[in-house]
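K.L.:
Structure below; questions to follow.
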Amino acid sequence: MHATSHIQRRWQQAEETMRKQILTLLFLTFLVTSKAFACDCKVPKSLKAVQDREFENSECIFIGEVIKIDTEKNSFEIKVIESFSGDEIGKIYSGIYDDLCGPIIDEKGKWLIYANYSSDNLIEINACGITRSFKRPEYNVSATRPPEPLPPNEKESKSKAEKKRAEWKLSAKSDLENEIIDLRKRTE
């Protein structure tokens, strides 16, 4: 009887070890698979460098009015207001974006668009690009840098945090205005 319980115990230990190995293998497979679909949006060294890259790698660059959004399909419709790449003023495009790699078109209104043609009358927003809204340009992390947090030993008051956030928003709006001036110069 003693030998049988010893064998059963060894068998249970072997089963437990195998279960752990299978779970580890499944977990590692999940990690590798999920990383294959992850974005690699690097924080830019400078906004100017990203602007230059976007200008060179975009087939269509324009200011447009987003008139329709479908967040379930990651799609939108936009009317060209001012073009920096030859798009017809007044033309309405259907567009798509990558909700994992952004930028995400999430509100109606004026936007600066950097995109490429995907098919007839369909544009695709550049992943990790600097497409952004006029209303909230600070929400595009590739185009703006959020305010640096204060060191942990320094107590930040609510008013100081609000001031830093307000400065960040003003800076993002200024960057967008300067970018549009630069785009106009580049395409004269």
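K.L.:
Name, by its number, the condition in (1) open to solvent by less than 20 Å² (accessible area, probe 1.4 Å); (2) touching a helix residue (DSSP H, G or I) at 6+ places or on another chain (Cβ under 9 Å); (3) part of a strand (DSSP E or B) that does not hold for Tyr93.
P.N.:
Among (1) open to solvent by less than 20 Å² (accessible area, probe 1.4 Å); (2) touching a helix residue (DSSP H, G or I) at 6+ places or on another chain (Cβ under 9 Å); (3) part of a strand (DSSP E or B), the lone unmet condition for Tyr93 is (2).
Listed here are the residues, each with its yes/no results for (1) of a type outside the set (Lys, Arg); (2) out of contact with any Cys (no Cβ under 6 Å at 6 or more places or on another chain).
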{"residue": "Glu77", "(1), (2)": "yes, yes"}
{"residue": "Ser83", "(1), (2)": "yes, yes"}
{"residue": "Ile92", "(1), (2)": "yes, yes"}
{"residue": "Tyr97", "(1), (2)": "yes, yes"}
{"residue": "Cys101", "(1), (2)": "yes, no"}
{"residue": "Lys108", "(1), (2)": "no, yes"}
{"residue": "Ile125", "(1), (2)": "yes, yes"}
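K.L.:
Inspect region 64-74 for any residue being modelled with pLDDT of 85 or more, among the small types (Gly, Ala, Ser) and closer than 24 Å to Glu188 by Cα and give the result as yes or no. Full working, then the answer.
P.N.:
Narrowing region 64-74 to residues modelled with pLDDT of 85 or more: 64-74.
Checking which are among the small types (Gly, Ala, Ser) leaves us with 64.
The next check asks that each one be closer than 24 Å to Glu188 by Cα; those that pass are 64.
Yes - at least one qualifying residue is present in region 64-74.
Residue-wise test of (1) free of Cβ contacts under 8 Å to residues at least 24 places away in the same chain; (2) open to solvent by 40 Å² or more (accessible area, probe 1.4 Å).
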position: Lys48; (1), (2): yes, yes
position: Glu54; (1), (2): no, no
position: Ser58; (1), (2): no, no
position: Val80; (1), (2): yes, no
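K.L.:
With respect to Gly95, is the statement that it is among the small types (Gly, Ala, Ser) and at pLDDT below 90 true?
P.N.:
Values: among the small types (Gly, Ala, Ser): yes; at pLDDT below 90: no.
No: the conditions fail for Gly95.
K.L.:
Which condition breaks for Ala127 when tested against (1) aliphatic (A, V, I, L, M); (2) within 27 Å of Ser171 (Cα to Cα); (3) surrounded by 19 or more Cβ atoms within 10 Å (Cβ to Cβ)?
P.N.:
Among (1) aliphatic (A, V, I, L, M); (2) within 27 Å of Ser171 (Cα to Cα); (3) surrounded by 19 or more Cβ atoms within 10 Å (Cβ to Cβ), the lone unmet condition for Ala127 is (3).
K.L.:
Determine, yes or no, whether Ser118 is in a strand (DSSP E or B) and at pLDDT 95 or above. Give the derivation first.
P.N.:
On the way: in a strand (DSSP E or B): yes; at pLDDT 95 or above: no.
No; evaluated as a whole, the condition is false for this residue.
K.L.:
Answer yes or no: is there a residue in region 97-115 that is among the small types (Gly, Ala, Ser), touching a residue at least 40 places away in the same chain (Cβ under 8 Å) and surrounded by fewer than 15 Cβ atoms within 10 Å (Cβ to Cβ). Outline the logic, then answer.
P.N.:
First, pick out the residues of region 97-115 that are among the small types (Gly, Ala, Ser): 102, 109, 115.
Okay, now just the ones that are also touching a residue at least 40 places away in the same chain (Cβ under 8 Å), so 102, 109, 115.
From what is left, the residues that are surrounded by fewer than 15 Cβ atoms within 10 Å (Cβ to Cβ) are 109.
Looking through region 97-115, at least one residue is among the small types (Gly, Ala, Ser), touching a residue at least 40 places away in the same chain (Cβ under 8 Å) and surrounded by fewer than 15 Cβ atoms within 10 Å (Cβ to Cβ).
K.L.:
Mind telling me which of the residues Ile125, Ile61, Ile81 ends up being of a type in the set (Val, Ile, Thr) and within 13 Å of the chain's Cα centre (by Cα)? Working first, answer last.
P.N.:
Numbers: Ile61 fails: within 13 Å of the chain's Cα centre (by Cα); Ile81 fails: within 13 Å of the chain's Cα centre (by Cα).
Unique residue meeting the criteria: Ile125.
The values are calculated or read from the model by the stated rules, or taken from the named source; none is laboratory data. The structure presented is a predicted model; accordingly, all values stated were derived computationally and were not measured. So basically every Cβ, Gly included, is an ideal-geometry build from the backbone, and we count neighbours across all protein chains shown. Protein only, heavy atoms only, side chains kept; ligands, DNA and RNA dropped before computing areas. Shrake-Rupley method; radii C 1.70, N 1.55, O 1.52, S 1.80 Å.
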